[in-house]
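Heads up, the thing below is written out as structure tokens.
The values are calculated or read from the model by the stated rules, or taken from the named source; none is laboratory data. These figures come from a predicted structure and were not determined experimentally. We place every Cβ from the backbone using ideal geometry, glycine too, and count neighbours over all the protein chains shown. Ligands, DNA and RNA are stripped out before the accessible areas are found, and what is left, the full protein with its side chains, is counted by its heavy atoms. Shrake-Rupley method; radii C 1.70, N 1.55, O 1.52, S 1.80 Å.
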Amino acid sequence: MASAKADGVPVLLSTGVMQRRKGFLKMVQIAEQNLAPNWRFVLSGVFPPEGLSDAERERVRWAMEGRFSSVFVHEGLLSEPEINAEIAASDLVFLGYDDWYQSSNVLTRAAQWRRPVISCSTGVPAERTRRHRLGWMLEHGSVDEIAALLRSIDADTLERQSRLGDYAGLRQQHDVAELPKTFASVLNDHKPNRSVA
């Protein structure tokens with residue numbers, strides 16, 4: 001991450017298991033076509049080759065080899081502290097996933113560090129991003145849409161978003177102190193019928 005931020009250019013991070021639906025290939029394409037020249041892209045995690053075409057695997061290999069000057073790849077499984085450090089060092093976190101309906105621990109971590117996100121338009125990440133005002137929502141998730149959004153975001157916009165979003169609200173929702181309340185509601189709603197014949 002340090003090399004990505006060396007010249008003060010803002011960094012968009014995608015971290016985790018880099019499956020196609022994670023959207024990381026769109027970030028590589030934006031970099032390859034220089035559609036958002038004022039941004040750096042960090043891809044961090046595991047890159048399984050399954051589900052990618054030969055051309056896509058080659059593009060990933062090129063990114064790993066450093067052929068795209070604005071893409072930095074950290075390959076491998078990261079520890080909890082390493083993931084947190086990368087999120088804390090980034091300026092914006094990419095959650096513009098395709099067909100993603102479950103929760104996202106990356107979103108929770110981003111809120112912990114008050115890092116704005118780019119979110120997909122549907123599912124749990126979208127709902128939480130919208131409710132807590134955590135960043136920007138994609139309508140379609142196309143390369144052109146993402147690139148146009150990045151071109152519209154500068155340092156002042158990032159700072160304002162970090163200051164005004166309800167990051168504390170999402171953090172509180174995921175605080176371990178809230179677990180008894182959450183479990184109590186689940187247990188009370190699903191009590192077994194103990195009536196005896």
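Worth pointing out:
- Length released on extending from Ser79 to His140, taking residue separation times 0.36 nm less the Cα-Cα span: 18.7 nm
- Relative to one another, the C-alpha centroids of segment 119-140 and segment 62-80 are positioned 26 Å apart.
- Percent of C-alpha pairs per 5 Å bin, segment 12-65, short to long: 5, 19, 35, 26, 12, 3, 0
- In loop segments of segment 59-163 as defined by DSSP, the GluC sites (Glu not before Pro) with at most 12 further C-beta atoms inside 10 Å of their C-beta are Glu139.
- Cα→Cβ-extended label distance, 7 Å offset, between Arg20 and Arg133, nm: 3.8
- For segment 48-127, the Kirkwood hydrodynamic radius comes to 14.4 Å, computed from all pairs of different C-alpha atoms.
- Percent accessible area from carbon and sulfur atoms, segment 114-169, protein chains only, probe 1.4 Å: 50
- Applying the criteria of a DSSP loop state and at most 12 other Cβ atoms within 10 Å to the chymotrypsin sites (Phe, Trp or Tyr not before Pro) of segment 1-83 yields no site.
- 3J(HN,Hα) along segment 107-119: 4, 4, 5, 4, 5, 4, 9, 6, 9, x, 10, 9, 10 Hz, from the Karplus curve 6.51 cos²θ - 1.76 cosθ + 1.60 with θ = phi - 60°, whole Hz, x for Gly and Pro.
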